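Since the structure comes first, as structure tokens, the remarks are kept for the end.
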Amino acid sequence: VCAGNICRSPMADAVFRALVSRAGLAAHVASSSAGTEDWHVGERADPRTLLALEHQGLDGSGHRARQFTAASFDQNDLVVALDRTSDRELRACARHAGDADKIALLSSFDAASHGEPDIPDPYYGDDPMFDDVLGMIDSACRALFRQLEPAVRRSA
């Protein structure tokens, strides 16, 4: 989950889906993305997002932005925020402690983040910034997947 659901969270979703698919676990793990705001609902991912994904052999063309709502907690076992602002907004949206317990910062899974909690929003940046942000997201998603994969395999 990021702010507008057209840059970072579609990247994270595409990366995570690819990891799940390559591991042969697509039948057991679902992933989606959303934004805390309604600014871009129904829109495609930012063209720079799509280009950065394409550079990595990933396809984000089917993405359409949507907004995270309190009901979204019911459809997710884990809700991953891309920065502290999204984390705060998700926690404000949580209806009870069980919802809040599902929220984590993506960077918290990745030792390579060196404790930096926020994955920066590239929206006002240039193409290389989108590539850099995708690299951060890729590293963090791989770290998250390494933690989840053993449990998923046991329950598959």
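Where only protein heavy atoms count, and the probe is 1.4 Å, what is the accessible area per residue for the chain in Å²?
Per residue, the chain has an accessible area of 52 Å².
Report, to the nearest whole %, how much of the accessible area of the chain belongs to carbon and sulfur atoms, 1.4 Å probe, protein only.
50
Which of the chymotrypsin sites (Phe, Trp or Tyr not before Pro) found in the stretch 94-147 are in a DSSP loop and have at most 10 neighbouring Cβ atoms, other than their own, within 10 Å?
Listed in order of number, the matching sites are Tyr124.
Using alpha carbons only, how many angstrom separate the centre of the stretch 33-81 from the centre of the stretch 100-119?
Centre-to-centre (Cα) distance: 18 Å.
Could you give the Stokes-Einstein D for the stretch 49-116 in µm² per second, using the C-alpha Kirkwood radius, 10 °C, 1.306 mPa s?
It diffuses with D of about 115 µm²/s by this estimate.
Accessible area of Val152, 1.4 Å probe, to the nearest 10 Å²?
30
Would you work out the relative contact order for the chain, in percent, from Cα pairs under 8 angstrom that are 6 or more residues apart?
Relative contact order for the chain comes out at 27 percent.
The values are calculated or read from the model by the stated rules, or taken from the named source; none is laboratory data. The structure displayed is predicted, hence computed values, not measured ones. Don't worry about glycine lacking a Cβ; one is built from the backbone with ideal geometry, like all the others, and counts go over all protein chains shown. When the accessible area is computed, the model is the full protein with side chains, heavy atoms only, and any ligands, DNA or RNA have been set aside. Shrake-Rupley method; radii C 1.70, N 1.55, O 1.52, S 1.80 Å.
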